[in-house]
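What follows is one structure encoded as structure tokens, with my remarks underneath.
Since every read-out is calculated from the coordinates, none of them should be taken as a lab result. Quick caveat, the model's predicted, so the values are computed rather than measured. Glycine also receives a Cβ, built like all others from the backbone with ideal geometry; neighbour counts cover every protein chain displayed.
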Amino acid sequence: MWPLAATAGPRTASGSNGATCHYPESNADALEILSNYYPGYWWDHTHLTVAVQAHPKATRKQLRAIHDAIATWDEALRNCFDGLITLTDVTGSMPSEHRAADIVVHFVPHAGGVVFGGYAICGDHGCPNILVRSDLPPSLDRDPYSPEYIGWVTLHELGHALGLGHTTNLLESTDLMGYGWPDLGDPVLSDCDLNGIAFVFAWALEGGEPHPPAEGPYDCALD
Ligand SMILES: [Zn+2]
């Protein structure tokens with residue numbers, strides 16, 4: 001089962017927010033916008049590429065979960081922005097994926113700190129590297145680290161890579177960009193996440209020159 005791969009509902013006329021789709025509501029109050037905290041942390045192009053670099057012992061199921069997460073975002077973006085914003089998985093198709101891909105998902109046995117399952121490393125322009133770990137820190141008391149959970153972590157980190165911050169009601173929110181999942185329920189790739197993407201990529205939806213996102217947080221009540 002893949003609860004996040006919800007098919008988009010009927011399209012509606014584009015609202016002021018720019019996303020032309022309906023995804024489930026979540027209990028997010030608002031979404032932080034990463035470029036507000038890290039200037040330069042936004043994309044000036046909309047056809048983004050992503051490549052997965054996995055450690056040699058990654059299993060087929062784990063890899064599928066990561067690639068499925070990329071496909072889930074790509075499908076949502078294509079549904080909601082009529083193909084204007086895309087996230088193409090170029091794994092295995094480029095001579096140098098590090099150079100070819102905007103975002104590299106590093107699937108590693110262990111990564112950095114003690115309590116996270118994933119981490120987006122952000123530079124001057126965007127978040128080109130994402131770490132997703134295959135072995136959970138013991139503190140999370142969740143064993144084994146299921147492919148489904150790896151997929152969720154990847155979706156969350158890709159949300160960061162696209163420019164979304166966390167929900168303002170972080171701990172209680174089961175929105176994809178909250179921390180309430182998996183304890184309070186499965187994560188929800190929500191209408192608010194996609195409208196948050198529209199907020200971040202407003203320059204592209206307006207058809208203008210690239211410019212940084214406006215001041216957030218993006219209020220989910222605007223959906
Ligand atoms: Zn996060």
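Per-peptide packing, taken as the mean over residues of other Cβ atoms within 10 Å, places 202-211, 156-165, 34-43 in the sequence 156-165, 34-43, 202-211 from highest down. Taking amide hydrogens as placed 1.01 Å from N in the peptide plane, the amide H of Asn169 sits under 5 Å from those of Asp29, Ala30, each at least 5 positions away in sequence or on another chain. Shown in residue order for region 161-171 are the 3J(HN,Hα) couplings computed by the Karplus curve 6.51 cos²θ - 1.76 cosθ + 1.60 at θ = phi - 60°: 4, 7, x, 7, x, 7, 5, 5, 9, 4, 6 Hz (x for Gly and Pro). Each part reduced to its alpha carbon centroid, region 42-93 and region 161-194 end up 19 Å apart.
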